[in-house]
1. Please average, across the residues of B:243-254, the number of beta carbons from any other chain that are within 10 Å of each residue's own beta carbon, and give a whole number.
2. Need one word for segment B:111-160: rounded, prolate or oblate. Basis is the Cα gyration tensor (sqrt eigenvalues a ≥ b ≥ c); a/c below 1.5 gives rounded, then a/b vs b/c decides.
3. Can you work out ³J(HN,Hα) from phi for every residue in segment B:218-232, in order, using Karplus 6.51 cos²θ - 1.76 cosθ + 1.60 and θ = phi - 60°, giving whole Hz and x for Gly and Pro?
4. So which helices of chain B fit the span-like rule, where a helix is a whole DSSP H run, its Cα atoms reach 27 Å or more along the axis, and its mean Kyte-Doolittle is at least -1.0?
5. Can you list residues whose amide H is under 5 Å from B:GLU304's amide H, if they're 5+ apart or on another chain and H is modeled 1.01 Å from N?
6. Please order B:THR57, A:THR360 by the number of other Cβ within 10 Å, starting at the fewest.
7. Label segment B:21-119 by shape, choosing from rounded, prolate and oblate, from the square roots a ≥ b ≥ c of the eigenvalues of the Cα gyration tensor; if a/c is under 1.5 it is rounded, and otherwise prolate applies when a/b is larger than b/c, oblate when it is not.
8. Looking at segment B:133-162, which trypsin sites (Lys or Arg not before Pro) are DSSP coil and have at most 11 other C-beta atoms within 10 Å of their C-beta?
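Computed from the coordinates by the stated procedures, all read-outs in this text should not be read as laboratory data. Computed from a predicted model, the values in this text were never measured in an experiment. Heads up, the Cβs are rebuilt from the backbone with ideal geometry, glycines too, and the neighbour counts pull from every protein chain shown.
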Number of protein chains: 2
Amino acid sequence: MKRQTVFLINYERTLGKHMLYDIFEKIYKLEKEGKKIVKLSVGEPDWHAPKGVLTATYQAMKHGKDKYSSSAGEIELREKIAKLHSCDVKNIVVTPGSKIGIYAILKFYLKIGDNAIIFSPHWTAYELMCKSLGASAKILKLKQENEWKVDFDALDEIVDEKTKIIILNSPSNPTSHAWKENEEWEIIEFAKRKGLLVLADDAYRDLCFDERKERKFENNLVVANTFSKTFGMTGWRIGYMVAPEAIVKELIAFNQIAITNVPQFLQIGALKALENKDKVAKDARRLCMKRLELATSILKGHVEFSKPNAGFYIFPRLPNKIDTLQFVNEILDDGVAVIPGAAFGDYPQHIRISLCREETVLKSALGKIVELIR
Amino acid sequence: MKRQTVFLINYERTLGKHMLYDIFEKIYKLEKEGKKIVKLSVGEPDWHAPKGVLTATYQAMKHGKDKYSSSAGEIELREKIAKLHSCDVKNIVVTPGSKIGIYAILKFYLKIGDNAIIFSPHWTAYELMCKSLGASAKILKLKQENEWKVDFDALDEIVDEKTKIIILNSPSNPTSHAWKENEEWEIIEFAKRKGLLVLADDAYRDLCFDERKERKFENNLVVANTFSKTFGMTGWRIGYMVAPEAIVKELIAFNQIAITNVPQFLQIGALKALENKDKVAKDARRLCMKRLELATSILKGHVEFSKPNAGFYIFPRLPNKIDTLQFVNEILDDGVAVIPGAAFGDYPQHIRISLCREETVLKSALGKIVELIR
């Protein structure tokens, strides 16, 4: 039988033996076997859906809100989101997670041979999606010693006639660095001049320590957002896209053809979550800042890293004498999971640590990391 | 900005003004405005998730089963499904609805210029997915006067070197006809000889009046299945694929890259639903048969149709003097929604009626249809 095997092949080639997702699957397996793992590997808050969300969801299920529904999303939820982003409801579509929305956007814009610009270190899903579509990712490597800032000259140089999209992930996974708002703006303006779309993955934006509001609507901008991080609702698989109306129509058509709808009862839960968004986001930021201070105090002097201004990751560089993959395996044997930097691009000496655990657990796990480095 | 608009364009071209999905969106709109519509348009059971499913789901949510989970699906659910299909757990992947699984399979197998064989009348999503991938659908028209039976000579003729897949949808949406098991088997054998994959969309299989068991695993077969129809859980968006291990690996990779996981709490609910599958399916079949008898007694003599042997649709041909689109609009004004046959291929004189309403409502709605035909 002839088939394309496009996903698997790219996927294995890109990530090699230290696959991000394979590490996740292995951890699930170890846990099923009863082993306790402190998962500083997973980009997942340890807080859960806000108060009232579960009840609202259950009530909706009980009241028959579990049937086919609009492929655009529930109108009440879309209206609320439109208000947050200062745009019209026609600019909003609800998606089962922001990932599939990002995939759909790349699918619309990238023909075979086209490319998207991705700032690195980066979330590899972007790159894998591009490749699975027969397009490519143009990787623009950023540097820790520059505090992961954009290099505009390099950006100008890397854009070619096959470039269609710039992906903006600020705050970034894995660095937890957000560019200044004027720097982000400069990227959007640059894209405008070049006739490119900016796809902003704002999963972590609510967690900017300088308290940024939702990104405003722009004509050459598509914003992907999610309930996963701010609200700790990772497993709910609910996100949304903010985009010009013509693009929203495409996304709705994609939903109609391949998805149908996001479960209505989950959307009713998500609407409930938005009621107290300001407070939820504030609490989450405060917790992130506290944990970052703790991690900084423990790790200082043992690894180098540029201190984040958002979110819950740190992306330190291990001393050169250390073999990163061996390190990641040994610390996993010791009950602590982290992700090798190679899973985020050409950063073989780095690791990504997620700080989403309570203080005592974090202290002990980071202590083990320091000990192993020594 | 350059973009592909591949979905929307194909979609509008394929379905013209009488778009299936647009009718759905219009009905939602009318209902939001307070108008009562008897929706014999939507392929959606009026029964709900079996007893215990909602509670199991809610309990799972409350116990923290709302975080990232395996991209393959919950092992307990996969094991149960594997048993039903007499295969290994490695042959099962859980998907957010069977639609996205079907899309992923077509994506793997169809390169630009390739084609898939689709028996018509057909669920247009298949065709739209093929087109959105730069592939095409080879439509094999079946005839009502032959009771929608396969024409094997025509099948042999239509296959060419660009054919990669045969889509088998038996029982079919919209005819509710299931081919005999030996006819289905002949298609699978034919595909084997030609080196083709058979993609069986078994959404309605549990509703075969002759009580068929789940389709058994085959080496050149991918089965798409869903909790939507048998269990009335359309809005839950949970389905699964049964496939050779190499293909399952591809589907898991697709989930990892574009989906992450189906909400764990929904999978726990789905597992609960499977506990009483035999009884649930039996009750559903009995209800479908009863409603079909009622519909037959009301419609006989007014429209021609080949009596289904499964499911809950009928696909009658209106008398030639009637303009179908006008008919569909007038009956919608009268509070009854049905779908024009043109939404299922080259069947401009047909309509699809879904019989998923209680007896009294059905009687009244079908009565209106008969009256308008007269």
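1. That works out to 4 on average.
2. Oblate.
3. 9, 6, 10, 10, 10, 9, 9, 9, 8, 8, 5, 8, 3, 9, x
4. Length and hydropathy pass: B:277-299.
5. The answer is B:ARG317.
6. A:THR360, B:THR57
7. Judged from the Cα gyration tensor, segment B:21-119 comes out oblate (a/c at least 1.5, b/c at or above a/b).
8. When the trypsin sites (Lys or Arg not before Pro) of segment B:133-162 are filtered for loop state and at most 11 Cβ neighbours within 10 Å, B:LYS143 remain.
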